[in-house]
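Reviewing the structure listed below.
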Amino acid sequence: MSAERYAKLSGLGSALPERVVPNSWFEGRIETSDEWIRERTGIRSRRFAGPSESTASLAADAARAAMRTAAAQPSAIDLLIVATCTPERFIPSTASFVQARLELSCPSFDLNAACAGFVYGLSVGAAQIRAGAADRVLVVGAEVLSRVLDMSDRTTCVLFGDGAGAALLEPSEEPGIIDSLLALDGRQAELLTVPAGGSAEPVTHEGIEHRRNYLRMLDGQSVFRQAVVAMADAATAVLQKAGIGPADLRAVIGHQANARILTALGKRLGLEPGQVVIDIAEVGNTSAASIPIAMDRAWRAGRLSPNDLVLTVAFGAGLSWGANLIRWTAPPPGTPGV
Ligand code: UT7
């Protein structure tokens, strides 16, 4: 009998725009303060893309870094998945531009599950490998949210940032991506949305006057509460199925929407503070990019070692959420390419 086929992580990378935007940038533009933003969210600064940067350019930079850490050539990539809710254009997919930038020749597509996009992408990529449909899959989370932020809306514009993170998956005999849980409640789609710019409501002069082409969050507190409960439930379900206790986890890498959400999640799961990765201070909420960016930075900082158990868990617009349980297999930082 042939050995079981699983997927494992073999490379990681991330990319942030050059421009740093501190909280003080918003003071004077809108009624807010550095103190309010820091205390309510944990954010001190974020990066905003410049005119020459875009979702595809950041995605390609992150993917290149991930390929470098795994010494993977473009010809070795069988599938590219780009998770984003701020695509390069309406048509064609962001993945088309990323594929060209990376000089890949593999099938490539976008996946939109908002802030849960990377968790969804990792699950889909791992399933493709398990099914034998692909050997090496690049999963990228990339966003340029600054282009859909209403800079006069203090309830949203201070929260988000731009960036990209990428993971390379390859086959293995032992489970690396052990299991995933994906979920969505479309009845709450209006809670967090960009109303205009799609087929239901094309952009018009009137729509622009009413700022309907920008991101809106109807009830931040409700999103906050639901995020904590849904992420804790998803994490618990994945852990129970695998017969693993929260104490066995080296790290929980949650979607970086708000440091207070992550602290509350850790408490609900009974985790020690050191198990919860909080890396929002200089990055902000980068939606689908937040988990791979935080994961890459934690790994390069030496917080994740081979064989560690790592849980990623996300929640965002849709409302969508999900989790991946991972046995860490990326090479330790310091090895060539990393
Ligand atoms: O990534 C997708 C998922 N998104 C999330 O998970 C976001 C979830 N929500 C949150 O993180 C939090 O709800 C926020 C950070 C958005 C807001 O924090 P909060 O502690 O829930 O504040 P709040 O909405 O209860 O507002 C408290 C006060 C209000 O003033 P009043 O009514 O008490 O006078 C707001 O108007 O803070 C006011 N406020 C601000 N003040 C200064 C709201 N935004 C700001 C601001 N600066 N930027």
Exactly one of these conditions fails for residue 321: (1) within 21 Å of residue 161 (Cα to Cα); (2) over 19 Å from the mean Cα position of the chain (by Cα). Give me its number.
(2)
Assuming residue 43 fulfils every condition listed in (1) crowded, with 24+ Cβ neighbours inside 10 Å; (2) touching an Asp or Glu at 6+ places or on another chain (Cβ under 8 Å) apart from one, which condition is it?
(2)
Sole residue being charged (D, E, K, R), closer than 24 Å to residue 149 by Cβ, within 22 Å of the chain's Cα centre (by Cα) and not assigned by TED's automatic domain parsing to the domain that holds residue 119, chosen from 206, 190, 201
190
All conditions in (1) polar (S, T, N, Q); (2) out of contact with any strand residue (DSSP E or B) (no Cβ under 7 Å at 6 or more places or on another chain); (3) outside any loop (DSSP other than H, G, I, E, B) are true of residue 123 except (2)
Against the condition within 13 Å of the ligand (Cβ to nearest atom) and touching an Asp or Glu at 6+ places or on another chain (Cβ under 9 Å), how does residue 211 come out, does it pass?
no
Quick one: in segment 286-295, of everything that is in a helix (DSSP H, G or I) and in contact with a strand residue (DSSP E or B) (Cβ under 7 Å, 6 or more places away or on another chain), which residue is surrounded by the fewest Cβ atoms within 10 Å (Cβ to Cβ)?
294
Residues being in contact with a Ser or Thr (Cβ under 7 Å, 6 or more places away or on another chain) and more than 16 Å from the ligand (Cβ to nearest atom) - total across segment 109-125
4
Given the criterion among the charged types (D, E, K, R) and under 25 Å from residue 332 (Cα atoms), identify the matching residue among 89, 46, 101, 64.
64
Note on residue 253: of the conditions (1) within 11 Å of the ligand (Cβ to nearest atom); (2) buried (at least 23 other Cβ atoms within 10 Å of the Cβ), unmet is (1)
Checking residue 134 against (1) touching an Asp or Glu at 6+ places or on another chain (Cβ under 7 Å); (2) under 21 Å from residue 296 (Cβ atoms); (3) among the small types (Gly, Ala, Ser): exactly one of these is not met. Which one?
(2)
The conditions are (1) within 16 Å of the ligand (Cβ to nearest atom); (2) among the polar types (S, T, N, Q); (3) not in a strand (DSSP E or B), and residue 307 fails exactly one of them. Which is it?
(1)
Looking only at segment 151-165, which residues are in a loop (DSSP other than H, G, I, E, B), within 15 Å of residue 20 (Cβ to Cβ) and not β-branched (Val, Ile, Thr)?
161
Would you say residue 200 is farther than 30 Å from residue 244 by Cβ, in contact with a helix residue (DSSP H, G or I) (Cβ under 7 Å, 6 or more places away or on another chain), without any contact (Cβ under 8 Å) to a residue 24 or more places away in the chain and more than 16 Å from the ligand (Cβ to nearest atom)?
no
Within segment 204-232, which residues are closer than 18 Å to residue 263 by Cβ, free of Cβ contacts under 8 Å to residues at least 60 places away in the same chain and either among the aromatic types (Phe, Trp, Tyr) or surrounded by fewer than 17 Cβ atoms within 10 Å (Cβ to Cβ) (or both)?
221, 224, 225, 229
Just to check your reading of the model, which residue among 254, 243, 270 is under 19 Å from residue 298 (Cβ atoms) and in the same structural domain as residue 322 (by TED's automatic domain parsing)?
254
Check segment 240-249 and report whether any residue there is more than 16 Å from residue 159 (Cβ to Cβ), surrounded by 18 or more Cβ atoms within 10 Å (Cβ to Cβ) and in contact (Cβ under 8 Å) with a residue 60 or more places away in the chain.
yes
Just wondering, is there one or more residues in segment 53-67 that are free of Cβ contacts under 8 Å to residues at least 60 places away in the same chain and not hydrophobic (A, V, I, L, M, F, W, C)?
yes
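The values are calculated or read from the model by the stated rules, or taken from the named source; none is laboratory data. Bear in mind the structure is a predicted one, so any value in this text is a computation, not a measurement. All Cβ positions, glycine included, derive from the backbone under ideal geometry; neighbour counts span all protein chains shown.
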